[in-house]
1. Kindly provide the set of residues from region 186-228 that are β-branched (Val, Ile, Thr) and touching a residue at least 40 places away in the same chain (Cβ under 8 Å), ordered by number.
2. Quick one: which of Ala210, Ala220, Ala206, Ala198 is aliphatic (A, V, I, L, M), in contact with a helix residue (DSSP H, G or I) (Cβ under 6 Å, 6 or more places away or on another chain) and part of a helix (DSSP H, G or I)?
3. For region 166-195: of the residues being closer than 18 Å to His19 by Cβ and aromatic (Phe, Trp, Tyr), which is surrounded by the fewest Cβ atoms within 10 Å (Cβ to Cβ)?
4. Being among the charged types (D, E, K, R), under 12 Å from Gly32 (Cβ atoms) and touching a residue at least 24 places away in the same chain (Cβ under 8 Å) is the filter; apply it to region 98-114 and report the residue that is surrounded by the fewest Cβ atoms within 10 Å (Cβ to Cβ).
5. Please specify each residue of region 26-48 satisfying the condition of being buried (at least 17 other Cβ atoms within 10 Å of the Cβ) and within 16 Å of Lys136 (Cα to Cα).
6. Any residue that is modelled with pLDDT under 85, acidic (Asp, Glu) and either assigned to a helix (DSSP H, G or I) or loosely packed, with under 15 Cβ neighbours inside 10 Å (or both) - is there at least one of those in region 1-8?
7. Which ones in region 62-87 are within 21 Å of Leu189 (Cβ to Cβ), assigned to a helix (DSSP H, G or I) and touching a residue at least 24 places away in the same chain (Cβ under 8 Å)?
8. Listed residues Ile51, Ile140; which is buried (at least 18 other Cβ atoms within 10 Å of the Cβ) and either of a type in the set (Ser, Thr, Tyr) or at pLDDT below 90 (or both)?
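The values are calculated or read from the model by the stated rules, or taken from the named source; none is laboratory data. Keep in mind that this is a model prediction, so the values were computed, not measured. Positions of Cβ are generated from backbone atoms using ideal geometry, with glycine treated the same way; all protein chains shown enter the neighbour counts.
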Amino acid sequence: MRLGEMLRDLITAVSSIDHPFMKAGKEGAPAGIVLMTSDKGLAGAFNANVIHAAELFARRQGSVRYYTVGTKARNAVRRLGLADTPSWPLGGAKLDTAREVAHRVTEDFTNGTIGEVVLVSQQLVSMMSQRPRTRKLVPILAEDINALTGSDEKSKRSSGSIECAPEPEFVLSRLLPKYLEFTIYSAMLETDAAFFAAQLVAMTNATDNASKLIDELTIAMNNARQAAITKELLEIVAGAEALGVE
């Protein structure tokens, strides 16, 4: 992610910055989980997998606070008895939704309501594969800097010296809120794409299974009809023989 690379290089370049995202969250505060699913189903285990990933993280963490994006995530959290969870739909104006979510979690993190912001969403690996991914977005500590860009070692290399106008500290202070906003926005787009891919695969499999079932039932029906006709002919022949009719 280019924004992550820019953030990493800026953080490396600056001496210090006074921003809440660069400081550890309030000790003992629950983790804030932004759980992202689709609004609809008919996509196999797409939503169930990401909800399960969030539940596993919550069990390890102990105390958590949910922020749900997507109707399926909202319903899953409500089943846990957390009806007052902040919720947003995945559909609609995604950029506006991403801004609202980012503003809400930033406010709660700054106030100490939550100690960190964790995003649990689907990663689109390919058209045939979608994988739940759990990422800590805030705070960005020294050990988290290399993780901003993604996964492989090549992406972790510095892209060289950076020249900023005005100072890098000022640019970084303005970029950090946008980093959270656009990371959530990017995850919403990826969730949408992954959902459509999962739904396509699920509906294709359902169509194939229905076609196989139709073929099997057609063969069974033909066998039953043939057996009934054969039985009827045998009864006619047997009756004719009993009456001595040639």
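1. Thr191, Val201 - these are the residues of region 186-228 that are β-branched (Val, Ile, Thr) and touching a residue at least 40 places away in the same chain (Cβ under 8 Å).
2. Just a single option satisfies the conditions, and that option is Ala198.
3. Across region 166-195, the extreme among qualifying residues is Phe170.
4. Applying the filter and picking the extreme gives Arg104.
5. Answer for region 26-48, where residues must be buried (at least 17 other Cβ atoms within 10 Å of the Cβ) and within 16 Å of Lys136 (Cα to Cα): Ala29, Pro30, Ala31, Gly32, Ile33, Val34, Leu35, Met36.
6. yes
7. If the condition is that a residue be within 21 Å of Leu189 (Cβ to Cβ), assigned to a helix (DSSP H, G or I) and touching a residue at least 24 places away in the same chain (Cβ under 8 Å), then Thr71, Lys72, Ala73 are the ones that fit.
8. After ruling out the rest, the residue left standing is Ile140.
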